[in-house]
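Read-outs throughout are calculated quantities, based only on the coordinates presented, and are distinct from any laboratory measurement. As the structure is a prediction and not an experimental result, all values here were calculated from the model. Because the Cβ atoms are built from the backbone with ideal geometry, glycine has one as well, and the counts that use them run over all protein chains shown.
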């Protein structure tokens, strides 16, 4: 019974959350929630020794020497850069879901997460954007999973928090609606109009 009451409380709280109409704010908030889920998974893997570094270390290595990324103030700056990147990428996910629709949003978000991993980490490390480099194979697998979690969580947050008008702005949906209305909502001719047409043709 306690579990059911907890679920009901969560659902009631979710229904009270105001829906967001501004797509930029929606993307920033959803991307930040995606970063939160991503970092939670990353911290658990790091504590278990499956990952060599946290994303605060990796982001901080763009501007600091690898040894200095372990300082608290430098780690916070790196973490801040990581959150900003995740929030900005959330705007991209919002735009993509607006253009393609919110169906299969988890798959779409996961693919964007994989794309971000490929660009920011694989391509970025080969170009020397990051001073820190992972050496364990498990670190690469953890990074892939973390980015998939980010993309899926961000997409789910967008669909859950967005106002219905956000996805109604899709021009393809609008065209389909107009077409359907023009087909199915065409007024039927009245009896007087029918009689007038018969008399016209009989003459």
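Can you compute the FRET efficiency between residue 68 and residue 135 using 1/(1 + (r/R0)^6), with r the Cβ-Cβ distance and R0 = 22 Å? Round to the nearest 0.05. Intermediate values should be presented prior to the final figure.
Numbers: r = 19 Å, r/R0 = 0.88.
Efficiency computed from Cβ-Cβ geometry: 0.70.
Pop a pseudo-label 7 angstrom from the Cα along the beta-carbon direction at both residue 145 and residue 80 and give the gap in nm to one decimal.
Simple spin-label model gives 3.2 nm for this pair.
Return a whole-number percent for the relative contact order of segment 20-168, with Cα pairs under 8 Å and 6 or more residues apart as the contact set. Numbers along the way, then the final one.
Numbers: 216 pairs, mean separation 60.1, N = 149.
Reported relative contact order: 40 percent.
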